[in-house]
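See structure below.
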Amino acid sequence: MPRKQPLPDKGIVRVTFTLPADVQGRVVHLVGEFTGWEGTPMERQPDGSWQTVVDLAPGRSYQYRYQIDGIRWENDWDADDYVGNPFGQDNSVVDTPALERAGRQKAPAKKAPAKKTAPAKRAAPAKKAAPAKKAAPAKKAAPAKKAAPAKKAAPAKKKAAGNVASNKAQGGKTPPGEAAPEGPGTSKT
């Protein structure tokens, strides 16, 4: 987590940003809202970590990230919070505390004395519930109307053409009102 040092006499919060030594790189920059998203160089420390100090306004939240070698981005995994950015990644967030006015020290908060409470009143005995009314018997539903039976179609009068042809073949005549079938070997006369 970035180390925060409130400086009420100056009206700022001095924040020390540190990137661990296990992050490898030749050049590291702190980039954030407070730098206009321009890089602020970080210095390599004797233990191999990277560090820079920035003075920020109190009582605000700022987004930031670390840029390594101008191409790789890292978050501060000890940040106060994280917020999604337009590039589908997260930005780290540092929250600066509000400051007390110079010359005024905040008095320790006093706890209000505990209120005396009156002894609990006994609840009145519960009244008996009125007997439940019997439900009226359910009305029987009207029987469904039966559908009218379907009318049977009158049987069609049909004589097989084969019978007519076989009658002719046996020398019979076509019955009156029926036409003789036409086909090979038949002719109208």
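The values are calculated or read from the model by the stated rules, or taken from the named source; none is laboratory data. Quantities reported herein were computed from a predicted structural model and do not represent experimental measurements. Here the Cβ positions follow ideal geometry from the backbone for every residue, glycine too, while neighbour counts run over all protein chains shown. These accessible areas exclude ligands, DNA and RNA; they are computed on the full protein's heavy atoms, side chains included. Shrake-Rupley method; radii C 1.70, N 1.55, O 1.52, S 1.80 Å.
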Practice prompt. May I ask you to list the residues in the range 25-45 that are under 38 Å from the mean Cα position of the chain (by Cα) and either closer than 14 Å to residue 79 by Cβ or not in a strand (DSSP E or B) (or both)?
Written response: 30, 31, 32, 33, 34, 35, 36, 37, 38, 39
Worksheet item: Limited to the range 23-38, what total is found for residues that are open to solvent by 40 Å² or more (accessible area, probe 1.4 Å), closer than 19 Å to residue 63 by Cβ and either touching a residue at least 12 places away in the same chain (Cβ under 8 Å) or of a type in the set (Ser, Thr, Tyr) (or both)?
Response: 3
Item to complete: For the range 71-85, indicate whether the set of residues that are more than 35 Å from the chain's Cα centre (by Cα) and either modelled with pLDDT under 95 or surrounded by 15 or more Cβ atoms within 10 Å (Cβ to Cβ) (or both) is non-empty.
Response: no
Discussion item. Give me the residue from the range 1-22 that is closer than 19 Å to residue 63 by Cβ and assigned to a loop (DSSP other than H, G, I, E, B) and, out of that set, least open to solvent (accessible area, probe 1.4 Å).
Written reply: 2
Discussion item. Among the residues of the range 44-67, are any within 24 Å of residue 96 (Cα to Cα), open to solvent by 10 Å² or more (accessible area, probe 1.4 Å) and basic (Lys, Arg)?
Written reply: yes
Response to the item:
Inside the range 86-96, the number of residues satisfying the requirement of being assigned to a loop (DSSP other than H, G, I, E, B) and open to solvent by 20 Å² or more (accessible area, probe 1.4 Å) is 4
